[in-house]
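Worksheet: the structure to be examined is printed underneath.
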Amino acid sequence: MERVGLYPGTFDPVTMGHMDIIARSMKLVDRLVIGVAVSEAKRPLFILEERIEMMEEECARLTKPGLAKIEVKPFDKLLMHFAEEVNAGIILRGLRAVSDFEYEFQMTAMNEQLNSEIETVFLMADVRHQAVASRLVKEIARFGGDITPFVTPTVKERILEKFKK
Ligand code: ADP
């Protein structure tokens with residue numbers, strides 16, 4: 001049976017931290033769905049279409065014959081309903097610091113009660129990418145700092161373009 005994983009997030013924009021988690025996730029599943037949340041409440045810098053486009057560009061670099069297939073899809077519903085819709089048996093999340101834990105712990109416990117067949121798996125990025133957060137990358141860029149270590153060159157260009165306007 002095909003193992004399907006779902007990696008959900010806002011990805012505003014996709015960082016080296018996210019890509020690290022995606023590369024690790026690909027070792028665990030046959031098909032990886034990357035769910036890009038509409039997340040209107042978070043007032044994202046990039047519109048949904050831009051976030052999807054960037055994610056697709058980055059994932060295209062990772063795909064190789066024999067490795068997990070990646071699909072990037074938008075979603076605007078309960079995570080567990082979306083997971084059921086794409087037949088995911090596993091939800092993948094990244095853990096950075098202790099601060100992520102509290103939120104993730106609550107969400108996992110509640111999701112478990114919505115559908116106990118779906119397991120949530122937590123992965124940690126390589127130490128170099130562990131502290132990277134989209135929110136901080138945007139802040140650094142806004143004030144003219146160098147974001148080269150945190151995002152790919154393509155994403156960097158997109159961010160700089162946003163702040164030029
Ligand atoms: P959300 O709005 O769901 O928090 P994000 O795009 O911020 O969406 O993050 C998506 C997932 O990626 C979350 O599980 C988050 O913890 C994880 N993540 C983000 N950055 C990192 C990182 N540097 N290392 C490990 N996990 C990360």
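Bear in mind that the values in this text are calculations on the coordinates, not laboratory data. This structure is a prediction, so every number in the text was calculated from the model and none was measured. Please note: Cβ atoms are built from the backbone with ideal geometry, for glycine as well, and neighbour counts cover all protein chains shown.
Between R93, R51, R128, find the one with the highest GNM mean-square fluctuation for the chain; connect C-alpha pairs within less than 10 Å.
Of the options given, R128 has the highest mean-square fluctuation.
Quick one: give the max-minus-min coordinate of the C-alpha atoms of the chain along each principal axis, largest first, in Å.
The Cα atoms of the chain stretch 46, 37, 30 Å along the principal axes, largest first.
Using a Gaussian network model on the chain with a 10 Å cutoff between Cα atoms, which of P44, P65, P13 fluctuates the most?
Most flexible of the set in this elastic network: P65.
Taking only Cα atoms and a 10 Å spring cutoff, compute GNM fluctuations for the chain and point out the largest among M55, M16, M80.
Highest fluctuation among the options: M80.
Take R135 and H81, extend 7 Å from each Cα along the Cα→Cβ direction, and tell me the distance between the two endpoints in nm.
Each label point is offset 7 Å from its Cα along the Cβ direction, giving 2.7 nm.
Under the rule of -39500 (n - 2.57) per DSSP H run of 4 or more residues, summed and divided by the residues of the chain, what mean residue ellipticity at 222 nm is obtained, to the nearest 500 deg cm²/dmol?
-12500 deg cm²/dmol
What dipole magnitude, in Debye to the nearest 20, does the chain give about its Cα centre under +1 on Lys/Arg Cβ and -1 on Asp/Glu Cβ?
Using Cβ point charges on Lys, Arg, Asp and Glu, the chain gives about 560 debye.
Can you compute the modelled spin-label distance between K69 and E104, with each label point 7 Å from Cα toward Cβ, in nm?
2.8 nm
Once each part is reduced to its C-alpha centroid, what is the distance from region 51-75 to region 97-165 in angstrom?
17 Å
When a/c reaches 1.5 or more, the comparison of a/b and b/c decides; with that in mind, is region 89-165 rounded, prolate or oblate per its Cα gyration tensor? Walk me through the numbers on the way to the answer.
Working: a/c = 2.69, a/b = 2.46, b/c = 1.09.
Prolate.
Work from the charge dipole of region 4-164 (Cβ charges, +1 for Lys and Arg, -1 for Asp and Glu, about the Cα centre) and give the residue of T108, Q130, L92 farthest towards its positive end.
In region 4-164, that residue is Q130.
List K138, K73, K64 from most exposed to least, where exposure is judged by having the fewest other Cβ atoms within 10 Å. Walk me through the numbers before you get to the answer.
Details: K138 19, K73 15, K64 8.
Lowest count first: K64, K73, K138.
Taking the mean number of other Cβ atoms within 10 Å as a proxy for protection, how do you rank 115-125, 28-38 from highest to lowest?
Ranking the peptides 115-125, 28-38 by packing returns 28-38, 115-125.
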